[in-house]
Each structure stands twice: as structure tokens, then as C-alpha cells.
Amino acid sequence: MATISIKVTGVQELVKDYNAFIVNMRDMTEPLTISSEKYLNAVHTNFTDNGATFGDGWPKLKDSTIRIKRELRKQGKSIGVTKPLLRTGLLRKSFGYFLQNKTMAALFNAQSYAKIHQESGTSTYKGHATVIPKRILADVDSARVTMVTAVFTDWLAKLVKSHKL
């Protein structure tokens with residue numbers, strides 16, 4: 001009768017690397033930060049291209065709005081006249097992100113009026129009700145899902161490589 005002997009080596013090292021890998025997976029700060037910064041770049045681009053980043057573009061301004069913005073510009077209170085969502089630049093500058101924990105990030109806009117532009121609604125200006133059309137400021141679209149997926153895939157590949165798994 002023949003005896004076959006198999007000796008497995010490196011099991012302890014493999015378990016140690018695997019446990020370290022699992023610990024590192026709990027801290028996604030790096031890919032969350034990279035994804036958030038890339039998302040903010042897309043939001044800023046969306047303002048430059050009048051909403052085309054996240055769709056077909058923003059509706060044009062009404063003539064009455066352009067007249068109001070021309071007057072504001074004469075007073076030094078507007079930097080844009082015909083471009084939607086550009087009066088002072090504050091709305092665009094007010095986007096940011098924060099890490100809620102090591103596994104979640106959130107994008108935000110600090111201006112209270114961002115929501116009405118994002119979703120549409122009625123606002124009052126000098127006693128007159130005005131319908132604010134929907135102008136998407138930021139969205140979860142297939143291009144952003146692909147971008148975030150790529151960031152996490154790269155991070156995960158780097159993590160696997162560093163642990164030689």
C-alpha cells in the first residue's frame with residue numbers, strides 16, 4: 001500500500017493576511033474621499049455646461065428673470081445675466097461633502113434654496129409667486145455610478161495586492 005502525504009504550509013500567514021485585509025476593508029475613507037471629490041468636480045462641471053452633465057440641460061431663463069438680473073448686475077449684485085443659476089456663484093460654491101463614518105460619505109449644498117432648484121417649486125419674489133423650474137444640480141446617474149465603481153475597484157485591487165491574497 002502506498003502512502004501519500006500532503007503538507008500545507010503558510011496557513012497561519014494566510015489567515016493573518018486575510019484578517020488584516022478584513023480590518024482594512026472596514027475603513028473606506030480613501031475611496032470615499034476620492035469618489036466624493038470626483039463627484040464634486042462633476043457638479044461643478046454641471047454648472048459650467050448648464051446642466052448637461054446630468055441630463056439635457058437646464059431650462060433657459062425667462063425674459064423677466066433676465067431683466068431682474070440685468071438690474072442686479074448694474075448694482076453689482078449679479079455676476080451673470082443670461083445663465084441659469086448664476087447670480088453670485090454662491091450656490092455652486094456651497095457644494096461639499098463629508099464622511100459620515102469610515103463606510104459612508106454624503107454630498108451636500110449649504111444653501112437653503114438649492115432644494116427648490118433641484119426639485120422645482122414655487123417661490124415668492126417681491127410679493128409675486130414664481131414657479132422655479134427643475135434644474136438638476138447633482139444626480140446619481142450611470143456615469144457617476146461607473147465612476148464610483150471604478151474608484152472602489154481600484155482601491156480594492158490595491159488592497160488585495162498589498163496583502164498578497
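Every number here is computed from the coordinates shown, using simple stated rules; none is lab data. Please read all numbers here as calculations on a predicted model, not as lab measurements. Positions of Cβ are generated from backbone atoms using ideal geometry, with glycine treated the same way; all protein chains shown enter the neighbour counts.
For the reader, a short list of remarks on this structure follows.
- Most positive-pole-ward Cα, T149, F54, V81, against dipole of the chain from beta carbon charges: V81
- Dipole of the chain, positive end: most advanced residue of L72, V131, M25 [Cβ charges, Cα centre]: L72
- Taking F54, F152 and counting other C-beta atoms within 10 Å, the order from fewest to most: F152, F54
- Residues Y39, Y125, ranked from the fewest to the most other C-beta atoms within 10 Å, line up as Y125, Y39.
- Estimated FRET transfer efficiency when R0 is 41 angstrom, pair T122-M25 (beta carbons, to 0.05): 0.30
- Here the dipole of the stretch 54-98 is about 240 debye; that uses its Cα centre as origin and unit charges on the Cβ of Lys and Arg (positive) and Asp and Glu (negative).
- The angle between the Cα long axis of helix 29-48 and the main principal axis of the chain comes to about 30°, on a 0 to 90 degree scale.
- Full extension of the chain segment joining D56 with K161 gains 33.7 nm, where the gain is 0.36 nm per residue of separation less the Cα-Cα distance.
- Overall form of the stretch 51-120 per C-alpha gyration tensor (a/c, 1.5; a/b vs b/c): prolate
- Read-out semi-axes √(5λ) of the Cα gyration tensor in Å, derived from the coordinates shown; its label in (1) 41, 23, 12; (2) 53, 14, 12; (3) 27, 20, 13: (2)
- Using a Förster distance of 41 Å, the FRET efficiency for F108-I6 (Cβ separation, nearest 0.05): 0.10
- About the Cα centre, charge dipole magnitude for the chain (Lys/Arg +1, Asp/Glu -1 at Cβ), debye: 940 debye
- Angle in degrees between helix 11-25 and the longest Cα principal axis of the chain, rounded to the nearest 10: 10 degrees
- Summing charges over all other residues whose Cβ lies under 11 Å from the Cβ of I116, with Lys and Arg as +1 and Asp and Glu as -1, gives +2.
- Entries in K38/K69; K69/K93; K38/K126; K38/K62; K93/K134; K16/K38 that, when Cα-Cα distance is taken, lie over 27 Å: K38/K69; K38/K126; K38/K62; K16/K38
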